[in-house]
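Here the structure comes first, spelled out in structure tokens, and everything after it is commentary.
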Amino acid sequence: MAKQETETPAKKPNRVLPIILGVLLLGGIIFGVKEYIYYGKHVDTDDAQVDGDISPVGARVGGYVDSIYFEENIHVSKDQILVKIDPRDYKVKVEQAQAAQVGANAGVNVGQSQIFTSASNSAVAKAGVVSAQARLDKVKKDYDRYANLVKDGSITQQQFDQAKSDLEVAQANLNASRDQYKAAVQQIGTTRDQLKVTNTGVSQKQVDVDYAKLQLSYTDVKAPASGIASKKNVQLGQLVQAGQTLFSIVNDNSLFITANFKETQLEKIKNGLKVNIETDAYPDLKIEGIVYNFAPATGAKFSLLPPDNATGNYVKVVQRIPVKIKLNASKDVLDKLRPGMSVNVSVITKE
């Protein structure tokens, strides 16, 4: 009896794999189109961070720290006294300068008195000149009369000689009076010149007083701006030197974004373009900004050792240009940001 041959059923074609591949291909196309459309209107970079104005505050005079009126990482107001340096040495210098100023002022008073005295002496000397001139005029007239009388023998030769002697004495007295008046006038000029020198000294003493008071005021170390005080580097009783940094202040309302775009991305970026910003610390926090300006050179050129392609082997590296972005955000949002935070930046080149 012949064996019956068993028929194997034909396998159905597998349609799942083509469907999956088709879906993946369609998804890739959609993703690629979306990315093409997105990057046609946006320029992105993740090489960006929050920046801000940080003011280092240093001592302007040396001395021992007497008081500290702030704690680290707290908010302070502009012109608030944060550190006080022992002011006693500087108060003594102010008193010394003021004492020297008093002495200089006394010298001015003496000079003014000398001018008054010299003016009085000048007036007396001038009166003496007038008197001597009048005496000379009278004696000269007498001499002229005696000269005529001695010719006809009306007077003796002795009387004529006496008249001549009186004339010579009167002339000498007049010359002496004129010299005295001239000396008195010159003395006034000399005294006035001395007074000018004294007044210059007084002005210098006033400058010394002002400088001493200025140095005294520097014993109060004040906040140069409102912001958060940080990086405290001062303790009570510490001897600080002029120029030594004591703490820093991150200024209020000074935050901005520094985004380092590749030089090949700058063609589409212009001032005033809107910017979307995402922070790594707060992924759900959406912040807006605008492109403000561009750095005048690449970041590499501002580095400690800028590259010099003329030396060694040359390898072309795409450079980055720092771009400053101003923030348009509320105070609550800005209070969350800190200089140095990493952010992602997307510049909208087309609406």
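The values are calculated or read from the model by the stated rules, or taken from the named source; none is laboratory data. Keep in mind that this is a model prediction, so the values were computed, not measured. Neighbour counts run over all protein chains shown; Cβ positions are idealised from the backbone, glycine included.
If you take the residues of region 203-230 that are exposed (fewer than 15 other Cβ atoms within 10 Å of the Cβ) and hydrophobic (A, V, I, L, M, F, W, C), which of them is modelled with the lowest pLDDT?
Per the stated criteria, the residue is Val207.
Any idea which of (1) more than 30 Å from Gln101 (Cα to Cα); (2) touching a Lys or Arg at 6+ places or on another chain (Cβ under 7 Å); (3) surrounded by 13 or more Cβ atoms within 10 Å (Cβ to Cβ) is the one Asn293 doesn't satisfy?
Here Asn293 meets the rest and fails (3).
Could you grab me the full set of residues in region 213-264 that are outside any loop (DSSP other than H, G, I, E, B) and among the polar types (S, T, N, Q)?
Gln215, Ser217, Ser230, Thr245, Ser248, Asn251, Thr258, Asn260, Thr264
Look at Leu136 and say whether it is in a helix (DSSP H, G or I), modelled with pLDDT of 70 or more and in contact with a Phe, Trp or Tyr (Cβ under 8 Å, 6 or more places away or on another chain).
For Leu136, the condition - in a helix (DSSP H, G or I), modelled with pLDDT of 70 or more and in contact with a Phe, Trp or Tyr (Cβ under 8 Å, 6 or more places away or on another chain) - is not met.
Quick one: Glu267 ticks every box in (1) surrounded by fewer than 12 Cβ atoms within 10 Å (Cβ to Cβ); (2) on the phi > 0 side of the Ramachandran plot bar one, so which box is it?
So the condition that Glu267 fails would be (2).
Scan region 318-331 for residues that are assigned to a loop (DSSP other than H, G, I, E, B) and surrounded by 10 or more Cβ atoms within 10 Å (Cβ to Cβ) and jot them down.
Scanning region 318-331 gives Gln319, Ala329.
Taking region 242-263, which residues are small (Gly, Ala, Ser) and either closer than 21 Å to Ser330 by Cβ or buried (at least 22 other Cβ atoms within 10 Å of the Cβ) (or both)?
Residues satisfying the conditions are Ser254, Ala259.
Quick check, is Lys274 among the basic types (Lys, Arg), over 30 Å from Lys222 (Cα atoms) and touching a residue at least 24 places away in the same chain (Cβ under 8 Å)?
Yes, satisfied.
Going through region 278-317 one residue at a time, which ones are assigned to a loop (DSSP other than H, G, I, E, B) and in contact (Cβ under 8 Å) with a residue 40 or more places away in the chain?
Scanning region 278-317 gives Asp280, Ala281, Tyr282, Leu285.
Run Gln238 past the list (1) more than 30 Å from Ile85 (Cα to Cα); (2) surrounded by 11 or more Cβ atoms within 10 Å (Cβ to Cβ); (3) not hydroxyl-bearing (Ser, Thr, Tyr) and report the number of the one that doesn't hold.
Every listed condition holds for Gln238 apart from (1).
So, Ala281, is that one among the small types (Gly, Ala, Ser), loosely packed, with under 15 Cβ neighbours inside 10 Å, under 20 Å from Asp46 (Cα atoms) and assigned by TED's automatic domain parsing to the domain that holds Glu267 or not?
Yes.
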